[in-house]
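**Q** This is the structure I want to talk about, given as structure tokens.
The values are calculated or read from the model by the stated rules, or taken from the named source; none is laboratory data. Worth saying up front: this structure is predicted, and the values here are computed from it rather than measured. Backbone-built Cβ (ideal geometry, glycine too); neighbour counts: all protein chains shown. Just so you know, the surface numbers come from the protein's heavy atoms only, side chains and all, with ligands and any DNA or RNA stripped out. Shrake-Rupley method; radii C 1.70, N 1.55, O 1.52, S 1.80 Å.
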There are 2 protein chains.
Amino acid sequence: MSDIDFAQLTQYSKQFTGLTGELEAVLMGLAPEMKPHLPGITDSFYNVLQGIPKTQRFLDGRIDALKQTHIRWLEQVFSGPYDTDYVKAMYHVGDVHVKVELPVEFMAGAMTLVSVRLNELLGEILVGDPSRLAKATAAVNSVLGFTLMVMQQSYESSRLAEELEKFLKITGMSRILFDNLASAYKY
Amino acid sequence: MSDIDFAQLTQYSKQFTGLTGELEAVLMGLAPEMKPHLPGITDSFYNVLQGIPKTQRFLDGRIDALKQTHIRWLEQVFSGPYDTDYVKAMYHVGDVHVKVELPVEFMAGAMTLVSVRLNELLGEILVGDPSRLAKATAAVNSVLGFTLMVMQQSYESSRLAEELEKFLKITGMSRILFDNLASAYKY
């Protein structure tokens, strides 16, 4: 993780997901209206997950702790800053997801679920202000996609590193021998 | 790909991303208003990508063909059906993305960009009907997340299969020897 250029990763991921300074301001402006509803979003999110058999082993006995972490993250989504520290933290989450053997599709699935719930909530809160509603939904989807994009990059690099370790264990090959073979290999 | 249970994958991915029959009906109901604007969404999407250095080698000389495929897919997003055939096609897209060596984060990044553009467009079209706007943005984000979730599952399994091929080539080990070692390995 130490050789990652987080400033560059932040800039690249923002450009890709359309997270502009304008949308960041929209998110922070939503904080007072959204914060009272965030625990309800988290509850609804985990209610859906609890109905999916494949998620059970990640949830059993951990729901309360997971919910607390989830609410803290949702509060960050509406408070910012969306800076390199945020990106470092989300990059770390991708690594952790590999260590706990979370299936890759959980990340996109979960982020979509949060996005749909937040969109529905915004629809209720901003029903009288449709132009603000449109900006708000764009901003929420942008920041969630930004977060997902960062997490998935560390997830993949950790997953591939783990795969190499598995290969070395199965074959009984040393890392040094493998690295020497790899550097001598002509593609 | 032949041993995938696509009916099960469809049901699982819909449950995870909240894509209900109600939201599918919302999407199909939006088709007449959205279709005339979809080529503009595709143009705007590729304009952003063209500003990102890392995407260049995937775009050069291919923009027109890519745009046509992209518009056809966007039309499907608003016409359905969101069935096992759609899931099979999107699963295949994940495989293709590995074959063309597309970085993993492009999928979440690109899907977010499309989502933000569609949200902005919905905000313009439905400015006079905020409760329909809220349902529409939820439906759009749900179907895009559903699609992403399916794509990423095939992307990962293809990527890991490719990684094993690479290890075997580098070490000169046969697939049969590796499979025998793997089945004898005590974790």
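**Q** Of B:Leu164, B:Leu102, B:Leu148, which has the largest mean-square fluctuation in a 10 Å C-alpha GNM of chain B?
**A** So, out of B:Leu164, B:Leu102, B:Leu148, the one fluctuating most is B:Leu164.
**Q** Relative to the longest principal axis of chain B, what angle (0 to 90°, nearest 10) does the C-alpha long axis of helix B:105-125 take?
**A** Rounded to the nearest ten degrees, it is 10.
**Q** One decimal, nm, shortest first: give the distances between the label point of B:Ala25 and those of the same position in the other copies, each label point 7 Å from Cα along Cα→Cβ.
**A** 4.1
**Q** What full-extension length gain, to one decimal in nm, is calculated for A:Ala161 and A:Glu124 as 0.36 nm per residue of separation minus the Cα-Cα distance? The partial results should precede the final answer.
**A** Values: separation 37, 0.36 × 37 = 13.32 nm, distance 4.45 nm.
Additional length available on full extension: 8.9 nm.
**Q** Over chain B, what number does the Rg to Rh ratio reach, with both radii from the alpha-carbon atoms and Rh per Kirkwood?
**A** Numbers: Rg = 19.4 Å, Rh = 18.4 Å.
Taking Rg over the Kirkwood Rh, I get 1.06.
**Q** Take the Cα pairs of region B:1-105, get the Kirkwood Rh, then feed it into Stokes-Einstein at 25 °C and 0.890 mPa s and tell me D in µm²/s.
**A** Values: Rh = 15.6 Å.
Taking Rh from Cα pairs, D becomes 157 µm²/s.
**Q** Using a label position 7 Å from Cα in the Cα→Cβ direction, what is the ascending list of nm distances from B:Leu66 to the same site in the other copies?
**A** 3.7
**Q** What are the nm distances, shortest first, from B:Ile176 to its equivalents in the other copies, labels at 7 Å along Cα→Cβ?
**A** Nearest to farthest, the other copies are at 3.3 nm.
**Q** Enter the mean number of other protein chain beta carbons within 10 Å of the beta carbon of each residue in B:138-150, as an integer. All intermediate terms of the calculation are to be shown ahead of the outcome.
**A** Values: counts 10, 2, 5, 13, 5, 1, 5, 13, 3, 2, 8, 9, 3.
Going residue by residue through B:138-150 and averaging, the value is 6.
**Q** Would you work out the charge dipole size for region A:6-153 about its Cα centre, treating the Cβ of every Lys and Arg as +1 and the Cβ of every Asp and Glu as -1, and quote it to the nearest 20 debye? Don't jump to the answer; show the numbers that get you there.
**A** Details: 12 positive and 15 negative charges, 44 e Å.
Taking the Cα centre of region A:6-153 as origin, the dipole is about 220 debye.
**Q** Angle, helix B:175-184 long axis vs. longest principal axis of chain B, Cα atoms, 0 to 90°, nearest 10?
**A** Helix B:175-184 sits roughly 90 degrees off the main axis of chain B.
**Q** Sticking with this structure for a sec: Taking a cut-off of 22 Å between Cα atoms, list the lysines near B:Lys67, but don't count ones fewer than 8 places away on the same chain.
**A** B:Lys35, B:Lys54, B:Lys88, B:Lys99
**Q** What does the charge add up to near A:Ile125, with Lys and Arg as +1, Asp and Glu as -1, over the other residues with Cβ less than 11 Å from its Cβ? If you can, show how the numbers build up before the last one.
**A** Values: positive: A:Arg132; negative: A:Glu33, A:Glu120, A:Glu124, A:Asp129.
My count for the surroundings of A:Ile125 gives -3.
**Q** Post the alpha-carbon centroid distance, region A:126-154 to region B:107-122, in whole angstrom.
**A** The distance from the Cα centre of region A:126-154 to that of region B:107-122 comes to 9 Å.
**Q** Now a separate question. Across region B:25-33, in residue order, what do the Karplus-derived ³J(HN,Hα) couplings come to in whole Hz, using 6.51 cos²θ - 1.76 cosθ + 1.60 with θ = phi - 60° and x for Gly and Pro?
**A** So the J values, rounded to whole Hz, are 5, 4, 4, 5, x, 7, 3, x, 7.
**Q** Further question: Once the Cα gyration tensor of region B:95-174 is diagonalised, what are the square roots of 5 times its eigenvalues, in whole Å and ordered largest first, as equivalent ellipsoid semi-axes?
**A** On the way: eigenvalues 321, 22, 7 Å².
In descending order the semi-axes read 40, 10, 6 Å.
**Q** Can you give me the accessible area per residue for region B:98-187, using a 1.4 Å probe, in Å²? Walk me through the numbers before you get to the answer.
**A** On the way: 3470 Å² over 90 residues.
Each residue of region B:98-187 exposes 39 Å² on average to a 1.4 Å probe.
**Q** Nearest 500 deg cm²/dmol is fine: what mean residue ellipticity at 222 nm does chain B get from its DSSP H runs of n ≥ 4 alone, each adding -39,500 (n - 2.57), divided by its residue count? Mind dumping the intermediate values first?
**A** On the way: 9 runs with 147 residues, N = 187.
Helix-only estimate at 222 nm: -26000 deg cm²/dmol.
**Q** Considering the alpha-carbon set of the protein assembly as shown alone, what are its Rg and its Dmax in angstrom?
**A** Every Cα atom of the protein assembly as shown included, Rg and Dmax give 21.2, 67 Å.
**Q** Same structure again: From the backbone phi of region A:56-64, what are the Karplus-calculated ³J(HN,Hα) couplings (6.51 cos²θ - 1.76 cosθ + 1.60, θ = phi - 60°) in whole Hz, Gly and Pro given as x?
**A** 3, 5, 8, 9, 4, x, 10, 3, 5
**Q** At a Förster distance of 41 Å, what's the computed FRET efficiency of B:Gln68 paired with B:Ala184, Cβ-Cβ distance as r, to 0.05? Write out the running numbers ahead of the final one.
**A** Numbers: r = 50 Å, r/R0 = 1.23.
About 0.20, to the nearest 0.05.
**Q** Is there a simple number for the mean count of other chain Cβ atoms within 10 Å of the Cβ of residues in B:16-24, and what is it? It would help to have the intermediate numbers written out before the result.
**A** Details: counts 13, 10, 11, 2, 1, 0, 0, 1, 0.
For peptide B:16-24, the averaged partner shielding equals 4.
**Q** Can you find, among A:Ala7, B:Ser158, A:Leu102, the residue sitting farthest towards the positive end of the charge dipole of the protein assembly as shown, where Lys and Arg contribute +1 and Asp and Glu -1 at Cβ?
**A** B:Ser158
**Q** A further question on this structure: Would you mind giving the mean number of other chain beta-carbons within 10 Å of the Cβ of each residue in A:124-137, as a whole number? Intermediate values should be presented prior to the final figure.
**A** Numbers: counts 3, 1, 3, 4, 1, 1, 12, 5, 2, 10, 13, 3, 3, 14.
Mean number of neighbouring Cβ atoms from other chains: 5.
**Q** Once both axes come from the Cα atoms, what is the angle between helix B:84-99 and the longest principal axis of chain B, in degrees from 0 to 90, rounded to 10?
**A** Result, in degrees: 60.
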